[in-house]
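Notes to accompany the following structure.
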Amino acid sequence: MRAIIQRTEGVKISAEVDGDYQVNGEMGEGLLVLLGVEESDSAEDVDYLFRKIKDMRIFNDDAGKMNLSVMDVNGSIAIVSQFTLHANTKKGNRPSFIRAAKPDKAESLYEEFIMKMESVIKGKVITGVFGAMMKIDFINDGPVTIIIDSKNREL
């Protein structure tokens, strides 16, 4: 499971419904999490990313140091499914997505991740629409962007 985490001042997610984009959710300060599920992922990968992301200290404290988590600042989280995070670009110019999980498995693990975040986040938890075309408007604060892969755990 792979995630790109971006510290934001605000996020608005619009999803395509019947050819038109409709706002699916809006939030203020917090994190935008783009979440890619791989075929070999399991609940263990969900748990790992859940723990890492909710406790990652990437918000500034009073001294201006990144020392606070989204939990500490009562921030919100936007979670968007992103199968393209598992693109293989080794051969040619057209990415292959063969390692990305099939939709049923991906959606199940994506929903599990969302439920875990909803159980602890004090701010809003907003989501994309699984499998839909979406537009995401956000302000990257910092900018701060972190990439985490549950298969490549750094100690």
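The values are calculated or read from the model by the stated rules, or taken from the named source; none is laboratory data. Values in this document were obtained by computation on a predicted structure and should not be read as measured data. When we count neighbours, we look across all protein chains shown, and the Cβ atoms used for this are built from the backbone with ideal geometry, even at glycine.
Values as computed for the structure displayed
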quantity	calculated
Residue in the stretch 47-60 that is more than 20 Å from residue 78 (Cβ to Cβ) and at pLDDT below 95 present	no
Near pairs, Cβ below 7 angstrom, 6+ apart or cross-chain, from the stretch 127-155 (within 26 Å of residue 44 (Cβ to Cβ)) to any residue that is assigned to a strand (DSSP E or B) and among the small types (Gly, Ala, Ser)	127/25; 128/15; 128/81; 130/81; 148/3
Test: residue in the stretch 49-59 that is hydrophobic (A, V, I, L, M, F, W, C), crowded, with 21+ Cβ neighbours inside 10 Å, in contact (Cβ under 8 Å) with a residue 40 or more places away in the chain and not in a helix (DSSP H, G or I)	yes
Filter pass, residue 147 being closer than 20 Å to residue 70 by Cα, of a type in the set (Val, Ile, Thr) and not in a helix (DSSP H, G or I)	yes
Yes/no for residue 77 being part of a strand (DSSP E or B) and touching a Leu at 6+ places or on another chain (Cβ under 8 Å)	yes
Set 78, 63: member being modelled with pLDDT of 95 or more, farther than 22 Å from residue 125 by Cβ and not acidic (Asp, Glu)	63
Residues being without any contact (Cβ under 8 Å) to a residue 24 or more places away in the chain, small (Gly, Ala, Ser) and assigned to a strand (DSSP E or B) - total across the stretch 1-34	0
Those residues of the stretch 82-140 which are outside any strand (DSSP E or B), touching a Pro at 6+ places or on another chain (Cβ under 7 Å) and not aliphatic (A, V, I, L, M), in sequence order	89, 131
Residue among 147, 121 that is at pLDDT 95 or above, among the β-branched types (Val, Ile, Thr) and surrounded by 15 or more Cβ atoms within 10 Å (Cβ to Cβ)	121
Criterion: over 15 Å from residue 147 (Cα atoms), crowded, with 16+ Cβ neighbours inside 10 Å and of a type in the set (Asp, Glu) - qualifying residue of 44, 39, 29	29
